[in-house]
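The values are calculated or read from the model by the stated rules, or taken from the named source; none is laboratory data. From a predicted model like this one, the values you see are computed outputs, not experimental measurements. Positions of Cβ are generated from backbone atoms using ideal geometry, with glycine treated the same way; all protein chains shown enter the neighbour counts.
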Amino acid sequence: MSTAATPPFDPDSDDVRSAPLPTDPESRTVKLEPFNKSEALSLGVELELQLVNTHDYDLAPYAEDMLRLMAQTPLPGSVVPEMTSSMIEISTDICHSAQDVITQLSPIREALIRNADKLNIAVVGGGTHAFQQWHERRIYDKPRFRELSELYGYLSKQFTIFGQHVHIGCPDADAALLMLHRMSRYIPHFIALSASSPFVQGQDTQFDSARLNSVFAFPLSGRAPFTTSWKEFEAYFERMTRTGVVRSMKDFYWDIRPKPEFGTIEIRVFDTPLTVERAAALAGYVQSLAAWFLQEQPFEPSEDDYLVYTYNRFQACRFGLDAVYVDPATGQHMPLRDHILMTMTQLEWHSEALNATQALGELRTSVEANRNDARWLREKQGKERLLAEVVRQAALRFRGAA
């Protein structure tokens, strides 16, 4: 961590205290920590998962019990609490390929299933729970979560949503910002490929990814500012801390944000897939894109890329693979599905070099069949009608049994 000016509290620690901000803007200023060195194209994956009971398949507040049991098994990565007590987050250690990701996620999944069975609950993927009522949720007893609950009110309980985050290693800080802005053109790809949140509070939202609508409500969500040098980004961060609105990078809920402590950028728009296999495949797609950017510099990002950013993002959330994609460079309108397939063809050499051919092949097959997890959930609901049965089958799918 930086040894620069100390904020009123360390927002990244568990020792979070309600303390008034200094009235002098200069005394509120926090310097951004240095961008640490990491291996270019290394990967890390985080998955937020649902804990449900096996009676009616509603969310169940078993995070503390699950964490206690999981701590007894040596595993890669980590298992930690999340905002509410019916969810947990699992993460990998540093990986070098999509195959590494699945190699690490598989034993974590097996341990989750084994311990969930002991508790008579189930673990489920998906970006939202299909019928839970937000007002019934309990905030997990952790200082930072309590502070966020006080700040954001009911939004904190509504934030019982479940996403996948993918970290990609960058060779240096300036390269990280260029990577971030290049990746921003492909945010609609990530949303449509991972979309798994069509149902909210018992209703079909008509969105493939309704989860991201909950993120929009937060004041520092959306896209990162267009800065292309770390010096420029540091100045932006210091200006933001001087206002008293921001105290650390964790206060930004951007779709992609730099993680200087890891030497990565973190892509945050994915819904949690229904299977860890798809989560690993999505990580392989990100890694292949990153290799293309680093090795070929296929285009120079610009502020104008963001003219259609929100529109493209909405299209992908609402329509998934049936969305329209507007090319930021040319203004051309085309089916998002076609743009994904075209991009995958461009990435073939890079995916082969990264041992990600199978991962991209699985994603390509699903795009060609116009199938993502949102489609799977809707098809199950069409057959079963009862959303509890849809959640039960999603739990079986997470286990690899459906």
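Worth pointing out:
- When segment 223-276 is filtered for residues that are in contact with a helix residue (DSSP H, G or I) (Cβ under 9 Å, 6 or more places away or on another chain), closer than 15 Å to Glu46 by Cα and in a loop (DSSP other than H, G, I, E, B), the ones remaining, listed by number, are Asp255, Thr272, Pro273, Leu274, Thr275.
- If you filter segment 47-66 down to residues that are in contact with a Ser or Thr (Cβ under 8 Å, 6 or more places away or on another chain) and not aliphatic (A, V, I, L, M), you find that the one that is nearest to Ser91 (Cα to Cα) is Glu48.
- Remark: Ala210 falls outside the filter, which requires a residue to be without any contact (Cβ under 8 Å) to a residue 60 or more places away in the chain, closer than 28 Å to Met342 by Cβ and of a type in the set (A, V, I, L, M).
- Verdict on Trp292 being within 21 Å of Ser38 (Cα to Cα) and crowded, with 19+ Cβ neighbours inside 10 Å: no
- Residue check: Ala280 meets all listed conditions (1) over 20 Å from Arg185 (Cβ atoms); (2) in contact with an Asp or Glu (Cβ under 7 Å, 6 or more places away or on another chain) but one, namely (2).
- Members of segment 213-222 that are part of a helix (DSSP H, G or I) and without any contact (Cβ under 8 Å) to a residue 40 or more places away in the chain: Phe216
- Gly263 meets each of the listed conditions (1) buried (at least 18 other Cβ atoms within 10 Å of the Cβ); (2) free of Cβ contacts under 8 Å to residues at least 40 places away in the same chain; (3) in contact with a Ser or Thr (Cβ under 9 Å, 6 or more places away or on another chain) apart from (2).
- As for segment 238-256, it holds at least one residue that is under 21 Å from Leu294 (Cβ atoms), of a type outside the set (S, T, N, Q) and in contact (Cβ under 8 Å) with a residue 40 or more places away in the chain.
- Considering segment 194-236, the residues that are among the aromatic types (Phe, Trp, Tyr) and at pLDDT 95 or above include one that is nearest to Asp304 (Cα to Cα), namely Phe226.
- Residue in segment 329-349 that is at pLDDT 95 or above, within 22 Å of the chain's Cα centre (by Cα), farther than 28 Å from Gly125 by Cα and not in a helix (DSSP H, G or I) present: no
- Scanning segment 90-113 for residues that are surrounded by fewer than 20 Cβ atoms within 10 Å (Cβ to Cβ) and touching a residue at least 12 places away in the same chain (Cβ under 8 Å) yields a total of 10.
- Residue, surrounded by the fewest Cβ atoms within 10 Å (Cβ to Cβ), within segment 37-78, restricted to residues that are of a type in the set (Val, Ile, Thr) and at pLDDT 95 or above: Thr54
- Yes/no for Ala323 being closer than 26 Å to Ala130 by Cβ, out of contact with any Lys or Arg (no Cβ under 9 Å at 6 or more places or on another chain) and buried (at least 22 other Cβ atoms within 10 Å of the Cβ): no
- Check on Leu151, modelled with pLDDT of 95 or more, assigned to a helix (DSSP H, G or I) and either closer than 19 Å to Val45 by Cα or not β-branched (Val, Ile, Thr) (or both): no
- Pairing each residue of segment 387-398 that is in contact (Cβ under 8 Å) with a residue 24 or more places away in the chain and under 10 Å from Gly125 (Cα atoms) with any residue that is in a helix (DSSP H, G or I) and basic (Lys, Arg), provided the two are 6+ apart or on different chains, yields C-beta distances under 9 Å for Ala394/Lys380; Phe398/Arg109.
- The one condition in (1) of a type in the set (Ser, Thr, Tyr); (2) within 24 Å of Asp172 (Cα to Cα); (3) surrounded by fewer than 18 Cβ atoms within 10 Å (Cβ to Cβ) that Thr310 fails to fulfil: (2)
- Residue within segment 116-128 that is more than 27 Å from Pro76 (Cα to Cα), buried (at least 21 other Cβ atoms within 10 Å of the Cβ) and either under 20 Å from the mean Cα position of the chain (by Cα) or modelled with pLDDT under 60 (or both) present: no
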